[in-house]
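Working notes, structure below.
The values are calculated or read from the model by the stated rules, or taken from the named source; none is laboratory data. All values derive from a computational prediction rather than experimental measurement. With ideal geometry, Cβ positions are generated from the backbone for all residues, glycine too; neighbour counts draw on all protein chains shown.
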Amino acid sequence: YRTSANVHCVLFREEQAAYLAGYAAVREGNTSMAVLGGEPLPSTVRYATGFVQGAEAAADSMGVQVYIRIWYSSMTASDDDLTDYVCGWYNEGFQVVMAATPELADSCIQAAEKSGREVIATGWDCAGQSSSVITSAVNCYSTVVQNELYLFGTQNNWDQDHSGQTETLGTEVDAVGLATQEWRLKTFTGEEYRELYQRMAAGTVKVERYSDTTAMPQTQNVTVDQPNQ
């Protein structure tokens, strides 16, 4: 495909948002977690691998071992069968499930409500859907759109760095992060989150970007299980 000169595209560093979620989840005391995805699309893989990297960093700092199961279900929407499947995970002992495909969050939330467990959402803030959602790893669409439109408006056109180009944005411009409007994390404080966020934005905390399932982050404190890979 070709991006026309009058178009500017933006991608998000989902792995950074997921890193923050994984870090927070372990700091909350969770050591047995799962990641549910649909198709292993690049954005879904980035959520999963970013979550693992954040969990590894927190586990290393706390001196604990963490287990994470990653399953790509190939599903594109929530349904009762998927809800029952996630209920099985919670009954198996998983404390938190992250929905790495936003469209599957409903099944995770319903399963968490039935099981008295917790969920991490992705893509957008799902706190309003259920008290079981402890945090959401979000793309800050409003911030990015406003910034990009302001840039376009001040010049009445795209400059050469933006015209027909695609850029990938992350914490350095507040494009991704955890939803903070309703802070439900009990141990990992908002102040600690902001400090970690600032270090990531400055480049001190680095998050590797994976876009397919051929490679995974190397971990010493997190055991990753991928049943269908």
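Summary of computed values
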{"read-out": "Qualifying residues in the stretch 27-50 (those that are in a helix (DSSP H, G or I) and of a type in the set (A, V, I, L, M, F, W, C)) - the one surrounded by the most Cβ atoms within 10 Å (Cβ to Cβ)", "value": "Ala48"}
{"read-out": "Residues within the stretch 1-45 that are under 24 Å from Trp183 (Cβ atoms) and of a type outside the set (A, V, I, L, M, F, W, C), tallied", "value": "13"}
{"read-out": "Condition met for Gln226 (under 18 Å from the mean Cα position of the chain (by Cα), under 18 Å from Arg46 (Cα atoms) and at pLDDT below 95)", "value": "yes"}
{"read-out": "Matching strands (runs of 3 or more DSSP E) fully within the stretch 165-228 where at least 3 residues are among the aliphatic types (A, V, I, L, M)", "value": "none"}
{"read-out": "Filtered residue count, the stretch 70-108, keeping only those that are part of a helix (DSSP H, G or I) and either crowded, with 24+ Cβ neighbours inside 10 Å or not β-branched (Val, Ile, Thr) (or both)", "value": "19"}
{"read-out": "Residue list for the stretch 1-21, restricted to those being modelled with pLDDT of 95 or more and among the polar types (S, T, N, Q)", "value": "Gln16"}
{"read-out": "Close pairs from the stretch 165-185: first among the acidic types (Asp, Glu), partner part of a helix (DSSP H, G or I), Cβ under 6 Å, at least 6 apart", "value": "Glu172/Ala201; Asp174/Thr143; Glu182/Ala127"}
{"read-out": "Residues that are closer than 13 Å to Gly177 by Cβ, buried (at least 17 other Cβ atoms within 10 Å of the Cβ) and touching a helix residue (DSSP H, G or I) at 6+ places or on another chain (Cβ under 8 Å), drawn from the stretch 122-151", "value": "Thr122, Gly123, Thr135, Ser136, Ala137, Val138, Asn139, Val144"}
{"read-out": "Unique match (being over 22 Å from Arg13 (Cα atoms), in contact with a helix residue (DSSP H, G or I) (Cβ under 9 Å, 6 or more places away or on another chain) and of a type in the set (Val, Ile, Thr)) among Thr171, Thr187", "value": "Thr187"}
{"read-out": "Single match in Ile134, Ile120 (criterion: more than 12 Å from the chain's Cα centre (by Cα) and in a strand (DSSP E or B))", "value": "Ile134"}
{"read-out": "Number of positions in the stretch 51-69 that are surrounded by fewer than 21 Cβ atoms within 10 Å (Cβ to Cβ), assigned to a helix (DSSP H, G or I) and of a type in the set (D, E, K, R)", "value": "1"}
{"read-out": "Count - residues of the stretch 186-206 that are exposed (fewer than 12 other Cβ atoms within 10 Å of the Cβ) and in contact (Cβ under 8 Å) with a residue 60 or more places away in the chain", "value": "2"}
{"read-out": "Unmet requirement for Thr76, which otherwise passes all of (1) in contact with a Gly (Cβ under 6 Å, 6 or more places away or on another chain); (2) at pLDDT 95 or above", "value": "(2)"}
{"read-out": "Filter pass, Tyr23 being surrounded by 18 or more Cβ atoms within 10 Å (Cβ to Cβ), under 16 Å from Glu192 (Cβ atoms), touching a Gly at 6+ places or on another chain (Cβ under 8 Å) and touching a residue at least 12 places away in the same chain (Cβ under 8 Å)", "value": "yes"}
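Every residue, every condition in (1) hydroxyl-bearing (Ser, Thr, Tyr); (2) part of a loop (DSSP other than H, G, I, E, B); (3) in contact with a strand residue (DSSP E or B) (Cβ under 9 Å, 6 or more places away or on another chain), yes or no:
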position: Asp125; (1), (2), (3): no, yes, yes
position: Val144; (1), (2), (3): no, no, yes
position: Tyr150; (1), (2), (3): yes, no, no
position: Gly153; (1), (2), (3): no, no, no
position: Trp158; (1), (2), (3): no, yes, no
position: Asp161; (1), (2), (3): no, yes, yes
